[in-house]
Amino acid sequence: LILLAFVLSGAVFGYLWRQGRHTAPEEAAVTSFSAVGTWAMIALLLIVSLGSAFISDRRFVAQAKNNTGAASLQAGNADEALLQAKKSQGIEVTSDNLRLTIEAGILKMNQLANSSQASSTAVQQQFLDIASSTIATAKKLSDTYPADYRSYFTVGRVYDQLAALKVQGAYENAEQAYQKALT
């Protein structure tokens, strides 16, 4: 879009430059009107170029943060993945960064459930906080992108993780989410 805006700006500028070369004095009113039109066209093209650059750069930065979080998730660092996902969502909320938040939440729940201090109240409270925020993000993902089967599959993975820990009602919710993903 930016390249197209620059090409069209150059074409309009060249056309208007050639049109603005009048030597007859009776065409002075047309020339001043042409100058206002030229500046208005330049301003419009500049606004369109900067707007498209802002939108595409914002999406690029959000995706870069998301990719950094995905690399952290792959390395097993759930906290860093959650941080990068939140930064990415701060720029622009996409299905990718919502999915990253959920996957990092699942990994963090796994790490907390398998830790040696899993029976302490602080770890249990942290597990509940992570679980509730992960479920809320999963519901947001499925509500925001209802036509994408991956949304429901990801919701099913959250409840599947909780069902493995014998959380009441998690198995039924996982089954419902997987059924929605199938349809």
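The values are calculated or read from the model by the stated rules, or taken from the named source; none is laboratory data. All figures in this text were calculated on a predicted structure; none of them were measured in a lab. Don't worry about glycine lacking a Cβ; one is built from the backbone with ideal geometry, like all the others, and counts go over all protein chains shown. What goes into the accessible areas is simple: the full protein's heavy atoms, side chains included, and nothing from ligands, DNA or RNA. Shrake-Rupley method; radii C 1.70, N 1.55, O 1.52, S 1.80 Å.
Structural remarks
- DSSP-loop trypsin sites (Lys or Arg not before Pro) across the range 46-112, with at most 10 other Cβ within 10 angstrom: none
- Size of electric dipole in the range 52-183: Cβ of Lys, Arg +1 and of Asp, Glu -1, about Cα centre, debye, nearest 20: 140
- Stokes-Einstein translational diffusion, the chain - Kirkwood Rh over all Cα pairs, 0.890 mPa s, 25 °C, in µm²/s: 122
- The figure for Phe60 is an accessible area of roughly 150 square angstrom, using a 1.4 Å probe on the protein chains alone.
- Where Rh is the Kirkwood radius over Cα pairs, Rg/Rh for the range 84-147: 1.05
- Accessible area of the chain divided out per residue, in Å², using a probe of 1.4 angstrom: 64
- Pairs of Lys residues in the chain, spaced 8 or more positions apart or belonging to different chains, with C-alpha separations under 25 angstrom: 19 in total.
- Candidates Leu128, Leu107, Leu44, ranked by Gaussian network fluctuation over the chain, Cα under 10 Å, top entry: Leu44
- MRE, 222 nm, helices only [DSSP H, n ≥ 4, -39500 (n - 2.57), over the chain, to nearest 500]: -28500 deg cm²/dmol
- For the chain, the carbon plus sulfur part of the accessible surface works out to 63%, probe radius 1.4 Å.
- As a length-normalised measure over Cα pairs under 8 Å and 6 or more apart, the relative contact order of the chain settles at 13 percent.
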